[in-house]
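Structure record follows, encoded as structure tokens.
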Amino acid sequence: MTYAAPQARPRGGRPRTPDLFDERTHRIARVAVPLVLAVVFGYWAAANQRYGGPITVGNFLFGFLSGIVFFVLYLVLQAVAPKLRREMHAVVWAAFIGSAVGFLVSQSNESVVRCIWLGLIVAAGSFVLLFYRYYTREDAQGRRRVT
């Protein structure tokens with residue numbers, strides 16, 4: 001009977017997860033994922049603003065510009081945030097997510113107080129999840145741990 005040879009373990013003792021995609025796929029995904037999210041965000045903002053009415057040129061432009069701003073901010077955060085410490089890394093992304101949700105809610109004729117509260121609640125939940133993720137995968141200076 002044949003048995004699989006044991007795999008060499010890295011120094012940390014835990015096996016690394018396999019990387020299913022090559023470097024080219026990762027480079028494409030670094031732009032494609034924010035682009036798809038920006039299109040969804042722009043469409044969602046435009047749909048909330050027109051509140052079930054007809055699509056107009058102004059509404060289309062609003063959604064297009066909202067998507068562009070989302071895309072640019074996402075790319076800036078994608079470039080800057082990994083250089084920050086893990087606490088600030090989580091705060092920056094949580095603030096971005098919370099403000100995006102607050103903006104979407106504000107386009108649906110809700111009160112300002114409700115928009116702020118929903119944005120803060122989503123930002124707080126995002127911060128907890130992201131901080132846990134970065135805390136378990138980065139060292140104190142924000143560099144990824146090699147396991």
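The values are calculated or read from the model by the stated rules, or taken from the named source; none is laboratory data. What you see is a predicted model, and the numbers here were worked out from it, not measured in a lab. The protein model used for the area step is the full one, side chains on, heavy atoms only, and it has no ligands, DNA or RNA in it. Shrake-Rupley method; radii C 1.70, N 1.55, O 1.52, S 1.80 Å.
If the requirement is being aliphatic (A, V, I, L, M), at pLDDT 95 or above and open to solvent by less than 70 Å² (accessible area, probe 1.4 Å), which of these qualifies: 97, 121? Selected residue: 97, the only one of 97, 121 that is aliphatic (A, V, I, L, M), at pLDDT 95 or above and open to solvent by less than 70 Å² (accessible area, probe 1.4 Å).
Across segment 43-58, which residue is nearest to residue 108 (Cα to Cα) among those that are open to solvent by 100 Å² or more (accessible area, probe 1.4 Å) and in a helix (DSSP H, G or I)? Full working, then the answer.
Looking only at segment 43-58, we keep the residues that are open to solvent by 100 Å² or more (accessible area, probe 1.4 Å), and these are 43-44, 51, 54-55, 57.
Subset that is in a helix (DSSP H, G or I): 43-44, 57.
Working: 43: 13, 44: 10, 57: 18 Å.
Among those residues, the one meeting the criterion is 44.
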